[in-house]
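So the structure is just underneath, and the comments pick up after that.
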Amino acid sequence: MAQPASRPVFAPWNDPAAKPLIQFKSVTKKFGEFVAIDDVTIDIFAQEFFALLGPSGCGKTTLMRMLAGFERPTKGQILLDGKDLADVPPNRRETNMMFQSYALFPHLSVWENIAFGLKRSPMPKGEIGPRVEQMLKLVRLDKFARRKPHQISGGQRQRVALARSLAKAPKLLLLDEPLGALDKKLRQDTQFELMDIQEKTGTTFLIVTHDQEEAMTVASRVAVMDHGKMIQIDTPDRIYEMPNSVYVADFIGDVNIIKGNAKPTGEGRFAISWAEGQPDIAAASGAGIAAGTPVHFAIRPEKIAISADKPADRANAVKGRIEDIAYLGNISTYKVELANGAMIKAQVANDRRLARRTFSWDDMVWLSFTDTAGVILMK
């Protein structure tokens, strides 16, 4: 029996011969004395779904506006398909932008909203109708073509805006917080729709968001930003599992961060002394760390097991009292206070209906984890 073909891995950033579609080369943007973008260099490849992620004011929207042509770099170059965009006005760039507000024309139908930009483009009139119909099918709104924006839901309006942005077949689609106006459930559903549409069209998407979950869900790669700098650019799984700094570990998801001092105990193995009266943390790292080096040990709550008895097969085990419990449906989070006052969070999957909790407030429990469960961070 023939085996199904495996899905090809999309990772052009790992191919030295791959040519980027977008290149930021040492780009700096200042507003007066304020540095909004600080010497940023990035390569983004064709057909990527690339996310700029960071808190408000980190520079992600400024970076997008420079790509769109609404701002000019103070220093550096921005290239699209090898062409310097410095003297290319916004309306001449092979990009399109979808705003958080959607900016639909209320007096025009869904069909007319999608056709609006095409009617002002060089596209022959005879091709406009079929292109609009193609876009309507792509976003599954062909039955709503004659409705006005106020006659459809928020998620449907979002899809109209997306169809309008894609109608002119731009090389690059810029999405500025596109799902921010949707409620959580609809936002989650729409994230998967966005991914499906991006894959079908092959258009390169660049999304700006402050929502970690959104970036991790949709993006092929994520750039975590802070104060105009790129802190880490990597795939979502590596950003989560192998953050390069305390900032990234803390910004993405939930995490316990423990300060201590490391000493080598073998090849790639370290002991971290971190609190009086607590055993050293056994940890692994590929980095060379000298004895006595101050470090941070980051471990996700779901990597920590909770038990009534001390496990015999775990490299690390500490004892504490349950201070608080949060039931979140699919998981329960336990905040456990250790004897030295440190607070550690552990998460347990609720994989069956709970008649009663295994553990409750004030119970004494053991928290345990392997020596590879966490990450040693130097900064």
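The values are calculated or read from the model by the stated rules, or taken from the named source; none is laboratory data. Only a predicted model underlies this, so the values are computations on that prediction, with no experimental measurement involved. Neighbour counts run over all protein chains shown; Cβ positions are idealised from the backbone, glycine included.
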Handout entry: Of the criteria (1) of a type outside the set (D, E, K, R); (2) outside the structural domain of L172 (by TED's automatic domain parsing); (3) touching a Ser or Thr at 6+ places or on another chain (Cβ under 9 Å), which one V9 fails
Key = (3)
Problem - Qualifying residues in region 345-379 (those that are in contact with a Phe, Trp or Tyr (Cβ under 9 Å, 6 or more places away or on another chain), hydrophobic (A, V, I, L, M, F, W, C) and surrounded by 12 or more Cβ atoms within 10 Å (Cβ to Cβ)) - the one nearest to Y247 (Cα to Cα) - result: L377
Problem - Selection count, region 178-206, where residues are modelled with pLDDT of 85 or more and over 23 Å from I128 (Cβ atoms) - result: 11
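Any idea which of A163, A145, A103 is at pLDDT 90 or above, small (G, A, S) and under 30 Å from L79 (Cβ atoms)?
A163
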Problem - Cβ pairs under 6 Å, 6+ apart, first in region 140-164 and closer than 19 Å to K184 by Cβ, second hydroxyl-bearing (S, T, Y) - result: G155/T190; R157/Y102
Exercise for the section: Return a yes/no flag: does region 351-365 have any residue that is within 30 Å of I231 (Cβ to Cβ), touching a strand residue (DSSP E or B) at 6+ places or on another chain (Cβ under 9 Å) and hydrophobic (A, V, I, L, M, F, W, C). Expected result: no
Exercise for the section: Return the residue satisfying two criteria in turn: it lies in region 198-224 and is within 20 Å of R65 (Cα to Cα) and more than 11 Å from the chain's Cα centre (by Cα), and of such residues it is surrounded by the fewest Cβ atoms within 10 Å (Cβ to Cβ). Expected result: T203
